[in-house]
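The values are calculated or read from the model by the stated rules, or taken from the named source; none is laboratory data. Note that the coordinates shown come from a computational prediction; the quantities given were computed from them, not determined experimentally. Counting neighbours? That spans all protein chains shown, and the Cβs are built from the backbone with ideal geometry, glycine included. These accessible areas exclude ligands, DNA and RNA; they are computed on the full protein's heavy atoms, side chains included. Shrake-Rupley method; radii C 1.70, N 1.55, O 1.52, S 1.80 Å.
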Amino acid sequence: MSPSEVFSLTNLAAMPMWLLMIFLPKWKVTRFLIDYKVIPILLSLVYAIYIFLAIQIGGGMDFGSLSSVMALFTEENSVLAGWVHYLAFDLLVGMWMLNQNKELKIHQLLMAPCLFATFMLGPIGFLAFMIIKTIKQNQK
């Protein structure tokens, strides 16, 4: 399977999970997938394969300078591994947010934009959630 095909498949694996988390966060199927981290585990397996391939092809990973990281991301397997890394960790952050919200009980109309922002912009969605969480906790 080519890296382009794997890229498409990993995106296809992540997208339905985000839709479930945004639109059906309390549905038993969504909760099962969150509780057992099914999609992030699958993405982690793909990541492990492609990071191994990237190391085999390109040698060691040097994160010591911006130019070293830029060079690392000129190799297709490294870029794919990096993308899958984003997919897995953004999903884990979204899942964590929903788990936190079991106790916080932030309305879904506020949670949905936080989740969408986490899906699209990672840390921005996390930041928005943390601001709302802090406000909610200070109201008690």
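Using +1 on the beta carbon of Lys and Arg, -1 on that of Asp and Glu, and nothing else charged, what's the dipole of segment 24-95 about the Cα centre, debye to 20? Here the size comes out at about 520 debye.
What whole number of Å gives the distance from the Cα centroid of segment 68-140 to the Cα centroid of segment 1-31? Computed from Cα coordinates, the inter-centre distance equals 14 Å.
Rounded, prolate or oblate: which fits segment 81-121 when a ≥ b ≥ c are the square roots of the eigenvalues of the alpha-carbon gyration tensor, with rounded for a/c under 1.5 and prolate only if a/b beats b/c? Cα axes put segment 81-121 in the oblate bin.
Computed over the chain, relative contact order equals 27 percent, with contacts defined as Cα pairs under 8 Å that lie 6+ residues apart.
The smallest convex shape that holds all Cα atoms of the chain, its convex hull, gives 116 Å³ per residue. Each residue, VAL69 and LEU19, gets one label point 7 Å from its Cα in the Cβ direction; the gap between the two is 3.3 nm.
In terms of distances greater than 22 angstrom between alpha carbons, the cross-link table entries LYS37/LYS136; LYS26/LYS105; LYS26/LYS140 yield LYS37/LYS136; LYS26/LYS140.
What's the carbon and sulfur percent of the chain's accessible surface, probe 1.4 angstrom, rounded to a whole number?
72 percent
Which of ASP35, ASP62, ASP90 moves the most in a Gaussian network model of the chain with Cα springs under 10 Å? Ranking ASP35, ASP62, ASP90 by mean-square fluctuation puts ASP62 first.
The residues of the chain present an accessible area of 62 Å² per residue when probed at 1.4 Å with all protein chains retained. Once both labels are positioned 7 Å from their Cα atoms along Cα-to-Cβ, the gap between LYS37 and GLN108 label points is 2.6 nm.
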